[in-house]
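Single-structure report; data block below.
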Amino acid sequence: MATTLDSPRSPYARPTGKRGTNWEKWGWIYMRGSGVVLIVLIFGHLFVNLMIGKGVDALNFGFVAGKLASPFWQWWDVAMLWLALIHGGNGMRTIVNDYATQRVTRGIFKWAILAAVVILIVLGTLVVFTFDPCPAGSPADLLPKFCPAI
Amino acid sequence: MPQESARTLTSQQKTTSRRPAGTLYRGREGMWSWVLHRITGVAIFFFLLVHILDTALVRVSPEAYNAVISTYQTPLMGLGEVALVGAIVFHAFNGIRIILIDFWSAKYQKVMFYVVIGLWVVTMLGFAPRHLMNVFSH
C-alpha cells in the first residue's frame, strides 16, 4: 500500500470535474458561524445555570420548568441543541475521517454519529415544545411557584 | 519533497530532526492548540449526548429529573463540571483564535495561543471558586 502524501503546504484544490454544492466548504463555514453563536448561547447558559444564585445547587425540576415555561428560554435551548449537535457531529465526522482508515469502519462510525445527532435533535426539540411545567398529580413543592395549587 | 511517498522517508527523516524545516507547527503552540481543540471537542460532544438525555427527563416526571440532576451536585461531579467548563472555555477561545487565523492573519497564531491561555485562566478564576463554593457548601 504505497500512499502518496501531498506536501502539507500545497494549496487545496477541488478534484476537477466535481460539480454542484461544495458541502465541505459549507461545513467549514458552518463550523465558524455556529461556533460564534454557540459561544454566546453556551456562555449565557452556563452563567444562568451555574453562576447566578446558588448555581448547580439550585438546579432541580422547579428551576428548569420555570425557565422552559418561557418562549425565550425554549428558543434559546432549541437553538443551542441544533447548533451544538450539528457542530459536534460535524467535528466528530472530521475526526473519523482522519483516524478511521477502513472504509467500512468509517461508514459505521459516521452513520452512528448521524443517528445520534438526528435522534437527539428530534428528542430534544420534542421535549422543549411538548413539555408541561406543571404536570398534574405532582407534589407542589417540586413544581415552579407559578403552578396553580391542585 | 511533495511527490515523495511517505513510505520512502527513512525513520531518521521522519523523527529525529529537532527543528523541522518546512513544518509549520510540529511540536509547538500550533500543534498543542490543535490537539487540545480535538480532545476538548470530543469530550464536550459526549457530555452533550448525556446532557440532552438527562434534560429530557423533565418530560418524564419531576421526580425522575430531580433524581438524576442530584447526582450532578455531588463533590466528584462538581470537580467534573470544572473540567467540563474548562474544556468548553478553551474550545470557545481557541475557536475564536482559529477564526482569526482564517479570516485575519496567521502571523500572530503563537501570540494568540498565549492570549487564549491567559483568558482561559482569568475565566476559570472567575468560575471555579464560585462553583466549588456552591458544590462544597452543603
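Every number here is computed from the coordinates shown, using simple stated rules; none is lab data. Model, not experiment: these values are computed from the prediction. Neighbour counts are summed over all protein chains in view; Cβ atoms, including those assigned to glycine, are modelled from backbone coordinates with ideal geometry.
Laid out as a table, the results:
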{"item": "Cleavage-rule hits, trypsin sites (Lys or Arg not before Pro), the range B:81-117, DSSP coil, Cβ neighbours within 10 Å at most 10", "result": "B:Lys107"}
{"item": "Within chain A, longest stretch free of exposed chymotrypsin sites (Phe, Trp or Tyr not before Pro) [DSSP loop, at most 14 other beta carbons within 10 Å]", "result": "A:13-145"}
{"item": "Coarse-grained scattering of the protein assembly as shown at q = 0.08, 0.10, 0.11, 0.14 Å⁻¹, given as base-10 log I(q)/I(0) from a Debye sum over alpha-carbon atoms", "result": "-0.45, -0.68, -0.80, -1.16"}
{"item": "Net charge, A:Tyr99 excluded, C-beta distance under 11 Å - Lys, Arg +1, Asp, Glu -1", "result": "+1"}
{"item": "Unsatisfied cross-links (Cα-Cα over 32 Å) in the set A:Lys25/B:Lys107; A:Lys54/B:Lys110; A:Lys67/B:Lys110", "result": "A:Lys54/B:Lys110; A:Lys67/B:Lys110"}
{"item": "Estimated FRET transfer efficiency when R0 is 35 angstrom, pair A:Thr101-A:Val36 (beta carbons, to 0.05)", "result": "0.60"}
{"item": "The range A:126-148 versus the range B:91-138: alpha-carbon centroid distance in Å", "result": "37"}
{"item": "25 °C / 0.890 mPa s Stokes-Einstein diffusion coefficient of the range A:39-133, Kirkwood radius on C-alpha pairs, µm²/s", "result": "161"}
{"item": "Cα centroid separation - the range B:32-47 against the range A:35-83, whole Å", "result": "22"}
{"item": "Cβ-based charge dipole, chain A, positive-most Cα from A:Pro133, A:Ala13, A:Leu83", "result": "A:Ala13"}
{"item": "Positive-end residue of A:Ile113, A:Gly44, A:Asn97, charge dipole of chain A with Cβ unit charges", "result": "A:Asn97"}
{"item": "Coil-residue trypsin sites (Lys or Arg not before Pro) of the range A:1-86, DSSP, other Cβ within 10 Å capped at 16", "result": "A:Arg9, A:Lys18, A:Arg19, A:Lys54"}
